[in-house]
Amino acid sequence: MRVPVVQHSSRRRSARRRRALWSGAELLVTVGVVLLLLVVHQLWWTNREARRGAERKVEALEREWGKGGGGAEGGGGGAGTAPTPAVPKSYGGSGGGGGGAGQRTTAVRQSSPSWSQAYAVLIIPRLGLRVPVAEGVGKQAVLNKGYVGHYRGTAQPGQAGNFALAGHRNTHGEPFRYLNHLRIRDLVEVETREATYTYSVDKTLPQTSARDSGVIRPIPRSVVKPGHGYGQPGYYITLTTCTPEFTSRYRMVVWGKLVSMRPRG
């Protein structure tokens with residue numbers, strides 16, 4: 001009976017294959033754990049930290065307004081304050097339109113916000129949302145803090161034109177996660193040091209290009225889908241966020257019209 005001879009080279013090759021397979025398995029497990037931690041960080045930790053920070057900022061703003069002190073985060077007051085255009089006091093008709101010559105108006109003074117400064121609070125009852133509004137839409141300085149950002153150059157709250165805002169739909173507090181749940185005639189409030197402005201949801205655009213600049217113009221109207229938007233001046237609010245969820249390929253848009261203004265104090 002012949003005894004098979006096992007070559008040392010064959011043993012070495014077999015050992016190298018086992019080590020390679022084991023190293024590959026360890027690498028895959030390590031990569032999997034790292035990816036899992038990244039997902040947990042994005043979907044849980046960033047939301048937790050951003051929401052806590054946003055809640056603290058809302059509380060700080062409201063305490064400050066109650067005391068009637070200087071501008072939020074060191075802004076406002078003095079030379080930084082300027083009168084805004086006249087705001088309709090009575091609206092009539094469909095609400096929030098351009099207003100006729102017979103309507104009474106009142107001027108409300110607002111502080112001019114600094115870049116990335118939180119200066120207002122957005123409240124959407126249907127979504128249970130109460131979140132700071134900051135100047136600008138930069139990710140690191142504004143949106144990733146869980147804030148809603150104001151598009152620089154668009155109108156301020158209560159002003160004629162379009163008060164346009166952006167917010168994350170996923171991660172970093174995701175304030176606009178359920179923006180698609182808003183319905184026509186839902187109310188959207190904006191609190192500032194000077195007044196509370198109430199808008200009524202009027203139109204929605206479920207999806208448009210991320211480059212559709214028409215939706216935040218003074219008379220908001222999509223340049224990609226021209227059938228969506230308005231054709232005359234008014235007092236508008238625009239809420240924008242990414243869609244579909246967990247992507248930034250398109251934008252979802254919700255529009256509203258100003259229906260009331262209540263001065264603070």
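Pairing residues of the range 169-180 that are under 17 Å from GLU55 (Cα atoms) with residues that are buried (at least 22 other Cβ atoms within 10 Å of the Cβ) and modelled with pLDDT under 95, at Cβ distances under 9 Å and at least 6 apart in sequence or on separate chains, gives THR171/ALA50; HIS172/ALA50; GLY173/ALA50; GLU174/ALA50; PRO175/ALA50. Figure legend. Inter-residue proximity from the range 200-214: first residues more than 10 Å from ARG251 (Cβ to Cβ), second residues modelled with pLDDT under 95, beta-carbon distance below 9 Å, spacing 6+ or different chains. Indicated pairs: SER200/GLY95; SER200/GLY96; ASP202/SER94; ASP202/GLY95; ASP202/GLY96; GLY214/PRO226. Residues that are in contact with a Gly (Cβ under 9 Å, 6 or more places away or on another chain), surrounded by fewer than 23 Cβ atoms within 10 Å (Cβ to Cβ) and part of a loop (DSSP other than H, G, I, E, B) were ranked within the range 140-152; the one that is modelled with the highest pLDDT is TYR151.
For the range 215-242, taking the residues that are touching a residue at least 60 places away in the same chain (Cβ under 8 Å) and in contact with a helix residue (DSSP H, G or I) (Cβ under 8 Å, 6 or more places away or on another chain), the one that is farthest from TYR151 (Cα to Cα) is identified as THR241. All of ARG126, ARG169 fail the test of being modelled with pLDDT of 95 or more and not in a loop (DSSP other than H, G, I, E, B), apart from ARG126. Set side by side, the residues PHE176, PHE163 differ, and just one is buried (at least 18 other Cβ atoms within 10 Å of the Cβ), part of a loop (DSSP other than H, G, I, E, B), touching a Ser or Thr at 6+ places or on another chain (Cβ under 9 Å) and at negative phi, which is PHE176.
Within the range 92-108, the presence of at least one residue that is over 13 Å from VAL188 (Cα atoms) and at pLDDT 50 or above is confirmed. Determine whether the range 192-203 contains at least one residue that is farther than 30 Å from ALA60 by Cα and surrounded by 21 or more Cβ atoms within 10 Å (Cβ to Cβ). Checking the range 192-203: not a single residue is farther than 30 Å from ALA60 by Cα and surrounded by 21 or more Cβ atoms within 10 Å (Cβ to Cβ). The one condition from (1) crowded, with 17+ Cβ neighbours inside 10 Å; (2) over 17 Å from the mean Cα position of the chain (by Cα); (3) not in a strand (DSSP E or B) that ARG183 does not meet is (1). Working only within the range 222-248, note down all residues that are small (Gly, Ala, Ser) and over 20 Å from LEU179 (Cα atoms). Passing the criteria: GLY227, GLY231, GLY234. In the set SER112, SER116, only one residue is on the phi < 0 side of the Ramachandran plot and either surrounded by fewer than 19 Cβ atoms within 10 Å (Cβ to Cβ) or at pLDDT below 95 (or both); that residue is SER112.
The values are calculated or read from the model by the stated rules, or taken from the named source; none is laboratory data. What you see is a predicted model, and the numbers here were worked out from it, not measured in a lab. Neighbour counts run over all protein chains shown; Cβ positions are idealised from the backbone, glycine included.
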